[in-house]
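See below for the structure under consideration.
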Amino acid sequence: MKVKRLLDLIVAVTALVLLAPLMVALTVIVRVDSPGPALFRQRRVGRLGVPFTVLKFRSMYNGSSQSLHHQASLDWFNERRQSNRYKSESDPRVTRLGKYLRRTSMDELPQLLNVVKGDMSLVGPRPLIEYERTRCEGIDFEREKVRPGLTGLWQVSGRDRLSARQMLALDVRYVREWSLWLDIKILARTIPTVLGDLRHTSSPAESTATVTPTNSIET
């Protein structure tokens, strides 16, 4: 795991330097697009169940109620989809810019700072919100043996087309099968997956039957 942490630091610091102009520009654009701070801070559950504050570019109107997210989380765990996804494309809380930030995952760029700080890793399980964690049971908690990730098996295997149960299963699989080579393959697939997801965002015929991990990322 020391090698994993070294990789995290090298890649995260390098990315922060290279992406600094883009992140400064996004900071300004987010504030111009709608009133409020550029960064959104949220309490999440990290390694060994220890909470931490995750950073994101704000994609919602400042002061938006979390009641809709609570309902969306409940639907996610109960496998009630919004069309072929579990994340609604018509959330009234999301700003004009926020929709683009979410589709491209650029809202998560500030989490590179979480990686440098040691709260997160480049690759790992998705960091859950505390009320989402209350839905976990049994082997689900194995996912907390490692730091949560900026990307992971869930992100390259279907993202919001997968149920919470499917995501948790992928997280446990990641922990059990971890290798540095697996991390490298997931990192290599992350950008192509996001770009591919953008191309198919508006496709009503998209199926969830094929959004399972492929042999190309098995150890």
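Numerical summary
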| read-out | value |
| --- | --- |
| Candidates ALA20, ALA12, filtered to the one that is buried (at least 17 other Cβ atoms within 10 Å of the Cβ) and not β-branched (Val, Ile, Thr) | ALA12 |
| Members of segment 158-173 found to be outside any helix (DSSP H, G or I) and either under 21 Å from ASP119 (Cα atoms) or free of Cβ contacts under 8 Å to residues at least 60 places away in the same chain (or both), listed by number | GLY158 |
| Qualifying residue in segment 65-81 (condition: of a type in the set (Ser, Thr, Tyr) and closer than 27 Å to ARG143 by Cα) | yes |
| Single match in VAL28, VAL115 (criterion: under 18 Å from the mean Cα position of the chain (by Cα) and in a helix (DSSP H, G or I)) | VAL115 |
| Which listed residue, of ARG58, ARG102, ARG41, ARG80, is more than 29 Å from LEU19 (Cβ to Cβ), among the charged types (D, E, K, R) and either without any contact (Cβ under 8 Å) to a residue 60 or more places away in the chain or out of contact with any Asp or Glu (no Cβ under 8 Å at 6 or more places or on another chain) (or both) | ARG80 |
| Residue in segment 80-97 that is buried (at least 17 other Cβ atoms within 10 Å of the Cβ), among the hydrophobic types (A, V, I, L, M, F, W, C), at pLDDT 75 or above and not in a loop (DSSP other than H, G, I, E, B) present | yes |
| Restricting segment 186-200 to residues that are of a type outside the set (A, V, I, L, M, F, W, C), farther than 9 Å from SER105 by Cβ and modelled with pLDDT of 85 or more, the residue that is surrounded by the most Cβ atoms within 10 Å (Cβ to Cβ) | ARG189 |
| Residue in segment 101-108 that is crowded, with 17+ Cβ neighbours inside 10 Å, part of a loop (DSSP other than H, G, I, E, B) and under 13 Å from the mean Cα position of the chain (by Cα) present | yes |
| Test: residue in segment 57-68 that is over 17 Å from the mean Cα position of the chain (by Cα) and outside any loop (DSSP other than H, G, I, E, B) | yes |
| Qualifying residues in segment 114-126 (those that are of a type outside the set (A, V, I, L, M) and either surrounded by fewer than 17 Cβ atoms within 10 Å (Cβ to Cβ) or at pLDDT below 95 (or both)) - the one farthest from TRP178 (Cα to Cα) | LYS117 |
| Single unsatisfied condition, GLU137 versus (1) exposed (fewer than 14 other Cβ atoms within 10 Å of the Cβ); (2) of a type in the set (Asp, Glu); (3) in contact (Cβ under 8 Å) with a residue 40 or more places away in the chain | (3) |
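The values are calculated or read from the model by the stated rules, or taken from the named source; none is laboratory data. Everything numeric here is computed off the predicted structure, so don't read it as measured data. Cβ atoms come from the backbone with ideal geometry, glycine included; neighbour counts cover every protein chain shown.
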